[in-house]
Structure formats: C-alpha cells, structure tokens
1. As an exercise, find the ratio Rg/Rh for segment 226-275 from alpha-carbon atoms, using the Kirkwood inverse-distance average for Rh.
2. What's the ranking of 199-205, 298-304 by average number of surrounding C-beta atoms within 10 Å, highest first?
3. How far apart, in nanometres, would the label points at I163 and L57 be if each is projected 7 angstrom from Cα along the Cα-to-Cβ direction?
4. Counting only C-alpha contacts under 8 Å and six or more residues apart, can you give the relative contact order of segment 210-366 as a whole percent?
5. Not counting ligands, DNA or RNA, and with a 1.4 Å probe, what is V49's accessible surface area in Å² rounded to the nearest 10?
6. Report, to the nearest whole %, how much of the accessible area of segment 226-344 belongs to carbon and sulfur atoms, 1.4 Å probe, protein only.
7. When Lys and Arg each count +1 and Asp and Glu each count -1, what net charge do the other residues less than 13 Å away from V42, Cβ to Cβ, add up to?
8. Could you work out the local net charge near A308, counting Lys and Arg as +1, Asp and Glu as -1, over the other residues with Cβ closer than 13 Å to its Cβ?
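The values are calculated or read from the model by the stated rules, or taken from the named source; none is laboratory data. None of the values given here were measured: they were computed from a predicted structure. We place every Cβ from the backbone using ideal geometry, glycine too, and count neighbours over all the protein chains shown. Remember, those area values only see protein heavy atoms, side chains included, never the ligands or the DNA or RNA. Shrake-Rupley method; radii C 1.70, N 1.55, O 1.52, S 1.80 Å.
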Amino acid sequence: MAQRILSTPTITPATRPTVALPGLKTLLVGGLLALLVGLLLVSLALGSVTIPLEEVLRVLLGGEASKAVWTSIIRDFRLPQALTAILAGAALGVSGLLMQTFFRNPLADPFVLGVSSGASLGVALVVLTIGSVTTTLLTGLGVFGDLALAAAASFGSVGVMAIILLVARRVSGGTTLLIIGLLFGYLTSAVVSVLLYLSIPERIQAYINWTFGSFSGVTWDQLTIMAPVIIGGLSAAFLLCKPLNALLLGEAYAESMGVNLPRVRFALILASAVLAGTITAFCGPIGFLGIAVPHFCRSLFNTSDHRALIPLTILVGAVVALLAAIIADVPGSSLVLPLNAVTSLIGAPAVIWVILSRHSVKAAAA
C-alpha cells in the first residue's frame, strides 16, 4: 500500500489557482444546498418507521407530532444522527483535502498518518480486554459505555497524533513523514491483530461491529462535545487557504511567498488529525469520504483554489455522508447495513464516472 501511494503522480497544477463560480457553477452550488436540505428531511422521515413529512416539519418548527413516539424518534434519534452525518462528511472531506494538498498525492486520506489506526488500537484495548465494559458498550445499555468507547478512541488517536507531530518537527520532507505515518499505522494494526487473535469470539464480533462505522450512536450530549471540535477544525482549515494554495505550486514557491513551512506543516497535520480523530472516536473509522470527496469537488467544479474547495468539500461531504446514512438504514426495514460498505458502494462508482467524464470531455475538445 505504501509503495502504491508513494508512486502516484502528484496533483500539483501548472498555474496559479483561481476561484470562479459564476453561472452554471453557482446554480450547481444552489442545487447541492437544496439537495442537502432535502436529504435532511428525508433522513428524518424515513427509517424502520416512516413518518409523514408534514409531521417532521412540525417537530422541526418546535411543535409536537400527532403521535408522541414520532416526536421522540425525530428529536432523540434521527436528528442527532443526521447532524452527525453532516459533520462527519464535512470533517472527513476537508481532512482528506488537507492531506492530499500537503503530500501532493491524490491517494492520501485523513488516516494516512495512522490516526485511524491509533483510534482502533484504543478501542481494541477496551473492547478486547475488558469484558464488562465491552458488554455494556456494544449492547447499548448505557451512555457511559458509549463514552468509554469514544474516550478510548480519542486517547488512541491523540497518542498517535502527538507522536506524528513530534516527528514532523524533526523531518523536513513530506514523503518521509508519510512513510513514518504509514509505518505507525502498520505497527498499531499489528498490535490490534494480536489482540484479536488472543480474544474470545464475542469480543471479536463486538470490535468488528465498531469497525463498520455508524452515525446512529451519537447522542445530543456527545454532539455538544463533537460539534465545537469539528467547527474549530474546519475554521482552522479556512485560515490555511493561502499557504495551501502556495503549496500547490511546490514548497520552494511557498517559501518564496513567505510561507513558514514547519509551522504550516504542524498546523495542517494538527487540523487534519483533530477532524479525522474526532469523527473516528464517535462514529468509528468511516472510509472513502476523505479520499473521494475532494476529487469529486475538483472534478465537479474544475478548481484547485482552496478558498472555493474547502466550502465545496464541506457541502459535498455532508451530502454524500447523509445519503450514505439514509441508505445504510434501509428505509422501511429494521435491517442496518455497514456504513463503510455503503460509502464505498455509492461513492466510488460516482467519482469514477465523474473523472472519466471529465477526461472524455477534454479528449473531445483536443
């Protein structure tokens, strides 16, 4: 995997990026906003219990549904899940964008530095070694078990992030840092494999269930912790737009423009790790979104300017994550599909189609 990532061509453009979203692109942004609102309403209306749309709107406006259970379903379960999906899509998309720009590599994702592996190690240590906590945690019998899981994932991701940040101060090349991050990922994965091998089947199944990823386990109390952290990480990404644009043209150019590379490197890694680590802690390791959403935005809007890419990535990431959450819940059924499988199944073909269509248009115009 490391060799495949490192041998991939860079995404550096030949000219200075410009931002332009007139005409059709402005309409496209408006369409995506309308789609996001529509998907939000659909996610609140559909599920194992179908709720009429007018009842959903009544609850959102502060009223009560005609059935008390509908009000409880919307306010206590579906609305937190939908908001979690929106935050997760935005956070993972922007985190992936930061990493792809920093490493100038289209296959970089939010977890390339081992943040996800660190979170997985923290959860594995709890789930695979502490039976009583595990049972409470995964059967959903109490909020404390969920908080224990989030805390374990947070400690694991923060531990790996701290090591990577220390290493980043001592190495100058992004490729070296990428290799070290991948090696940390392999190391933590090896420890998890040993724990899985030595654990009992019930705990192994519990850990596997966590790796599927889910937006449904986040409560309002947890959202009050997660949302400010995500908003802070996204705000930090906005502040990095100028150095990110400079990095697109190479580190030498960035330095000539007065960019402090060590400081920017530290800020990029910190922002990306905070965004990805927070989502992993509360939702599990959500794949695909971080690597694909930035490519989708670049192809769809034909821009590499981060002043446009970051808000567009937030919007598209939220749409894709919310759509995946709706499909994973299988409306009208009590069946729930693995979220990671859904994100890959619906996202990968769409991005492949967009990329191939873009190349076909360029070939026809040549």
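1. So for segment 226-275, dividing Rg by the Kirkwood Rh gives 1.04.
2. Answer by packing, highest mean first, reads 298-304, 199-205.
3. The two pseudo-label positions are separated by 5.4 nm.
4. Computed value for segment 210-366: 29 percent relative contact order.
5. 60 Å²
6. Values: 2770 of 4050 Å².
Using a 1.4 Å probe with all protein chains present, segment 226-344 comes out at 68 percent carbon and sulfur.
7. Neighbourhood net charge equals 0.
8. In short, +2.
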